[in-house]
Amino acid sequence: MPHALIRLHLRASLAAGVVLCLLLAPALRAEPVDELLQALQGIERLQGEFHQRQYAADGSVSAESTGRFKLLRPGYFAWEINSPDSQLIIANPEYLWHHDRDLETVTRRPVAGSEAMTPLQVLGGDGEALRRDYVVSRDADGRFVLQPHNPDAGFLQLALTIAGAEVRGMEVLDNLNQQVVIEFTGLDTTSPLAPMDFDFSPPPDADLLYNEE
């Protein structure tokens, strides 16, 4: 066979092989962490009401609370419990504050360098931290399931239900193996929020407990 025909035959065989591989190869799918980051990109700001239930080992409700929340990505959130007691948890990129109004106490810890994160801090955090600190998967219901690498994280498992630009609910397995289910209602993704909306100053009569580690 002339050399020109041999080269043409080899090129044709190579091209056919590439096409066959493309046809037989499974479609590439995005990793769950990439899907989660893509979903979170649509959530710049969010506020609404929450209903939180904590379940005992026998499935009964051991605690229940309601309140309001607001979230501004990246790094800002507020979680205000109105019933059965009155508490405010608020975070900016520098500090996480917890004001127990009934006990008149305020605790503060720095956000940077802390291994423990609340679920809302995960939502407001950056992609690098999600990739580095968590294993992300999808369950049979399509929820995003996060499991932290570090045993000192703020929870054992977090399942997020995200639809469009809204976080519809969370299911948390805390460090005591207690299940906490949170439902969000009255969601608002359009009203403006600014970092100043998350400013916090301790009331003068509160006992201050500052943890700088």
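The values are calculated or read from the model by the stated rules, or taken from the named source; none is laboratory data. Note that the coordinates shown come from a computational prediction; the quantities given were computed from them, not determined experimentally. Quick reminder, even Gly has a Cβ in these numbers, built from the backbone with ideal geometry, and neighbours come from all protein chains shown.
Just one of the numbered conditions (1) within 12 Å of Leu36 (Cα to Cα); (2) outside any strand (DSSP E or B) is not true of Ala140; which one? Here Ala140 meets the rest and fails (1). Applying the criterion of at least 3 residues that are within 18 Å of Phe50 (Cβ to Cβ) to the strands (runs of 3 or more DSSP E) found wholly in the stretch 163-210 leaves 166-173, 179-188. Taken over the stretch 104-137, residues that are among the aliphatic types (A, V, I, L, M), out of contact with any strand residue (DSSP E or B) (no Cβ under 8 Å at 6 or more places or on another chain) and either modelled with pLDDT of 90 or more or not in a loop (DSSP other than H, G, I, E, B) (or both) amount to 1.
Summed over the stretch 151-166, the residues that are touching a helix residue (DSSP H, G or I) at 6+ places or on another chain (Cβ under 8 Å), within 16 Å of Gln121 (Cβ to Cβ), of a type outside the set (Phe, Trp, Tyr) and at pLDDT 85 or above give a count of 2. Checking every residue in the stretch 17-40 against the condition of being modelled with pLDDT under 90 and closer than 21 Å to Asp197 by Cβ gives at least one match.
Do we find that Gly186 is within 29 Å of Ser60 (Cβ to Cβ) and surrounded by 17 or more Cβ atoms within 10 Å (Cβ to Cβ) in this structure?
Criteria not met by Gly186.
In summary, Ser60 fulfils each of the numbered conditions (1) loosely packed, with under 14 Cβ neighbours inside 10 Å; (2) in contact with a Phe, Trp or Tyr (Cβ under 6 Å, 6 or more places away or on another chain) with the single exception of condition (2).
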